[in-house]
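No lab work stands behind these numbers, since they all come straight from the coordinates. This structure is a prediction, so every number in the text was calculated from the model and none was measured. Cβ sites come from the backbone with ideal geometry, for glycine too, and all protein chains shown count toward neighbours.
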Amino acid sequence: MNEEIKIKIKTFNNGIKGPSFSIKINDILLDKQENYFSDVYSNTFNVDITAKSNKICIEHFNKSPKDTIVEKEQTSDIAIQLIELKFNGVVCHPVDLHENFFYVTKWKDIVDKKIKNNLYFGFNGIYEYCFESPATKYILSQHKKYKKENFIMKNLDEIDGGKNEELFVEKLEEHIKLESVTIPLSHASQD
């Protein structure tokens with residue numbers, strides 16, 4: 001199945017050296033950048049994916065601890081940060097991106113070898129985003145999984161800066177009634 005994958009990465013350089021990174025899907029190299037100096041990397045790939053389980057790997061490499069420069073309370077560093085990942089025009093849910101891991105490689109200092117809940121890659125290592133094919137169906141299921149119920153009270157513009165408390169209480173009671181009908185009791189009690 002042909003999948004369109006768009007990746008957007010913010011890059012950080014120290015003025016002397018830029019980050020080096022590669023992007024792979026299922027061990028197939030899509031792109032490799034060395035000493036990258038632009039502020040943002042953005043690219044779209046059309047990939048034929050036949051496997052059920054898949055993995056996008058973003059590897060940050062060629063960084064030394066000496067590449068982090070601290071001068072007069074200002075730090076310049078070499079790193080990359082995953083800003084956005086899209087499949088067929090559908091953006092991955094931020095929680096889903098944070099649920100995947102970054103694995104530190106080739107780093108002389110002692111750090112956690114497996115980092116979760118972080119899309120800033122300052123060490124040498126590989127971020128792995130695991131997904132199933134078809135990608136759009138998987139991404140939408142992740143949105144549903146991480147969706148937070150939000151209800152918006154309407155017509156609040158009639159309430160003038162809190163001066164009309166009776167109208168506010170009336171609107172709030174209407175909203176609570178509507179919410180209790182819209183959300184099944186078993187779902188509401190899970191929160």
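Can you put Cys130, Cys92 in order, fewest other beta carbons within 10 Å first?
Cys130, Cys92
Once amide H atoms are placed 1.01 Å from N in the peptide plane, what residues at a sequence separation of 5 or more from Asn43, or on another chain, have their amide H within under 5 Å of its amide H?
Close amide H contacts, sequence-distant or interchain: Ile7.
Compute the Cα gyration tensor for the stretch 2-146, then decide on rounded, prolate or oblate, letting a ≥ b ≥ c be the square roots of its eigenvalues: rounded whenever a/c is under 1.5, prolate when a/b is larger than b/c in the other cases, and oblate in all that remain.
Cα axes put the stretch 2-146 in the prolate bin.
Fewest to most neighbouring Cβ within 10 Å: what's the order for Ile139, Ile110, Ile16?
If I rank by nearby Cβ atoms, fewest first, I get Ile110, Ile16, Ile139.
Place a point 7 Å from the Cα of Leu30 along the Cα-to-Cβ direction; which residues of the stretch 86-127 have their backbone N under 12 Å from it?
Under cut-off, by backbone N: 86-89, 92.
Tell me the net charge near Pro134. Cut-off is 14 Å between Cβ atoms, Pro134 excluded, with +1 for each Lys or Arg and -1 for each Asp or Glu.
Around Pro134, the surrounding residues sum to -2.
Of all GluC sites (Glu not before Pro) in the stretch 38-81, which ones are in loop regions per DSSP and have a Cβ with at most 11 other Cβ atoms within 10 Å?
Here the GluC sites (Glu not before Pro) that fit, given the DSSP loop and packing criteria, are Glu73.
For the stretch 87-108 and the stretch 65-83, compute the distance between their C-alpha centroids and round to whole Å.
Going from one Cα centre to the other spans 21 Å.
Could you compute the net charge surrounding Asp39? Neighbours are other residues with a C-beta less than 12 Å from the C-beta of Asp39; K and R count +1, D and E count -1.
Local charge sum for Asp39: +2.
Add +1 for every Lys or Arg and -1 for every Asp or Glu among the other residues with Cβ under 15 Å from the Cβ of Ala51, and state the total.
That sum, taken over residues with Cβ under 15 Å, equals -1.
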